[in-house]
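For reference, the structure is listed below as structure tokens.
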Amino acid sequence: MCKISKKDIDLFYNMLDQDKHSLHFLWDCTAGTVTTAGSALFENVTGDPLDFLRESGLIDEQSMPQFNVFTARLEEGVISGINRSSLSVDILMKFTPGADYELCGFYAHLLRDESGKVLAVHGTIRPYSQKEVANKKIITTFSSDRAPQIYGQEVAEMMARHPDEEIAFIQFDVERFKLINENYGVETGDELLAFLTQTLGIICNEEQPYCRLTADVFMIVTTFDSDQHLLDFIHRLESLLSGFKGMEYRLIFGVAIAEDRTLHTRRHGDNATIARQSVKGSALNNIGFFNGRMRSELQKKQLIEENMQAALLDNQFVMFLQPKYSISTNRIIGAEALARWIHPEKGMISPAEFIPVFEENGFILKLDQIIWDSACRKLRDWIDRGIQPVPVSVNISREYIHTFDVVGYLLELVKKYDVPIKLLELEITETTDAQGVSDVVQKMKDAGFTMLMDDFGSGYSSLNMLKTTQFDVLKIDRGFLSKFMESGRGRKIISHTISMSRDIGLDIIAEGVETKEQAQFLSDCGCDSAQGFYYSKPVSQEEFDRLLLSANN
Ligand code: C2E
Ligand code: MG
Ligand code: MG
């Protein structure tokens, strides 16, 4: 386990010596200990210093919303290791016991190891001098909005620093802001705007320029890796900026992706305005996209979410089966259960479209339970009809494995349909959280299930997961097979992967086998099991029965 270095601790004590007017704490996140110094306030604090402050009653209520955003950001940094080393916020608090509220600066510095993991938080709280307070007042009245000219310059520089990354212009405003002024008073309206401006200062990092354009219209520019990443960022903005003083207001966002980098930044901003204005009046949606691709992605997602419950009740989710073959005998040796959504109007919807949405909104567990149930029912059906059954593998999503008792549920199912446990196999995808998954896989194995490691070779953690986790079967990923088959070097890697798996006592199957050459090559390397379009696509249960009877009799 990582520890804070002696150098950091020395630095901490050094600062204390130099600065007797501040309150300091050093919070060791790995050991969970706190060292404090300075003001008498912290004398008896042992647990989380942020919790202590939140509950101490020392912070003025006015400052709580900002303080909460600050701690949320800080804790997020502690947990996920965002790449930022310091955060600060101004709060009104009773710094000296018995004295009145003072304007204080709370500054937190994150100490990280080389990998970016946060080891400790060094927090400093210091009351501002009178002169500083006077200055602050001037700053908040005139320029805490970061004058649009400064922002324009910052955006241009930031874009130049990230020539190859995607950049989004996000604009938002408070829906019907006028009503807030009317209902709560102009002063509260102003407070809300100040809260939004200051909070943006806490949320946005050095590479995310922001500014207040006009009364209640704000602009933020950020880089992003994927559409999902960008949506997550917007949702975070929304949750941190909402609910000021328990008020109810809705933020409306407009997003423009800077595709044409030769355009003036103003044009991207204008596009974001158009996008924002396009959602005005929509009750369901509060994010508009200038870019057509993202707009249709979001609409598709909404359509899925609006229809999923009804589809469940209407039995629109059905299990298809894709046969697994023995390359040498051409017999069917098993099947994978795959979900299909048969929509009355749209026809068959591919899992690639709805599984990611379900994994995000939690509906995936319900879907998986339907498929697990169908798989057991199918096994029972074969046994009842005197057909020699083949094992059926079902997919287990990682989303719920730590929160839902999958093993207990599956054992009940196997009991309910009275099928041999060996006939129900479980597929889990490789993941970066090898250790966490490893324990779950072990439990499933101990219960008697056969465990398949799905999509081997598609990610970065395959070998790590092999090392820590006791799988029974390794499933070679379709992409790994097709890409590596292209070169002599790649073919060697596949061949050695196959012999390695046999060496450590694992069975192996290749998925996504599309050609005769691939099947022949796998067989030459010692892998006799294959699943893929060369043999058969996933088919309905009736069709599968026909294939099974003709191939195995
Ligand atoms: P997977 O578990 O790796 O399933 C194999 C996917 O590869 C299936 O896509 C299958 O149709 C496809 N495939 C098989 N052979 C070939 C081939 O030769 N060529 C090509 N191009 N594709 C082939 P599908 O059914 O679209 O499923 C996609 C993914 O969605 C699955 O990948 C799995 O991760 C997920 N999924 C599907 N059904 C379920 C389910 O019931 N529960 C959960 N949790 N995930 C599911
Ligand atoms: Mg699978
Ligand atoms: Mg797979």
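The values are calculated or read from the model by the stated rules, or taken from the named source; none is laboratory data. Treat the numbers as computed from the prediction; the structure is a model and nothing was measured. Glycine gets a Cβ as well: all are built from the backbone with ideal geometry, and neighbour counts include every protein chain shown. These area figures cover heavy atoms from the full protein model, side chains too; ligands, DNA and RNA do not enter into them. Shrake-Rupley method; radii C 1.70, N 1.55, O 1.52, S 1.80 Å.
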Please work out the FRET efficiency for the pair Thr403 and Gln520, using the Cβ-Cβ distance as r and a Förster radius of 35 Å; give the result to the nearest 0.05. 0.20
Difference of contour (0.36 nm per residue) and Cα-Cα distance, Tyr128 to Asp260: 43.0 nm
Between 0 and 90°, nearest 10: helix 406-417 axis offset from the chain longest Cα axis: 30 degrees
Computed over the Cα atoms of segment 400-553, what is the convex hull's projected area averaged over all directions, in nm²? 10.3 nm²
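How much area per residue is accessible in segment 171-242 when the probe is 1.4 Å and only protein heavy atoms are counted (Å²)?
Result: 41 Å² per residue.
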Specify whether the C-alpha gyration tensor of segment 231-358 places it in the rounded, prolate or oblate class, a ≥ b ≥ c being the square roots of the eigenvalues: rounded for a/c under 1.5, otherwise prolate if a/b is larger than b/c and oblate if not. prolate
Quick check: net charge around Ile364, other residues with Cβ under 13 Å of its Cβ, Lys/Arg +1 and Asp/Glu -1? -3
Leaving out ligands, DNA and RNA, and with a 1.4 Å probe, what % of the accessible surface on the chain is carbon or sulfur? 51 percent
Between Gln302 and Asp472, what is 0.36 nm times their sequence separation minus the Cα-Cα distance? Round to one decimal in nm. 57.3 nm
So what's the angle, to the nearest 10 degrees on a 0 to 90 scale, between helix 148-161 and the longest Cα principal axis of the chain? 40 degrees
May I have the convex hull volume per residue, in Å³, for the Cα set of segment 336-469? 125 Å³
Run a plain Debye calculation on the chain (Cα atoms as equal point scatterers, no solvent) and give log10 I(q)/I(0) at q = 0.08, 0.12 Å⁻¹, rounded to two decimals, same order as the q list. -0.74, -1.21
Tilt of helix 265-279 relative to the longest C-alpha principal axis of the chain, in degrees (0 to 90, nearest 10)? 70 degrees
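Based on the alpha-carbon set only, what is the convex hull volume of segment 463-547 divided per residue, in Å³?
Details: hull volume 9.3 nm³, N = 85.
Per-residue hull volume (Cα only) is 110 Å³.
So between Lys178 and Gln277, what do we pick up on full extension, going 0.36 nm a residue minus the alpha carbon distance?
34.0 nm
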Which one, Phe456, Gln442, Gly386, projects farthest toward the positive side of the charge dipole computed for segment 349-486 from Cβ point charges (K/R +1, D/E -1)? Gly386
Would you kindly calculate the mean projected area, averaged across all directions, of the convex hull enclosing the Cα atoms of segment 293-413, in square nanometres? 10.0 nm²
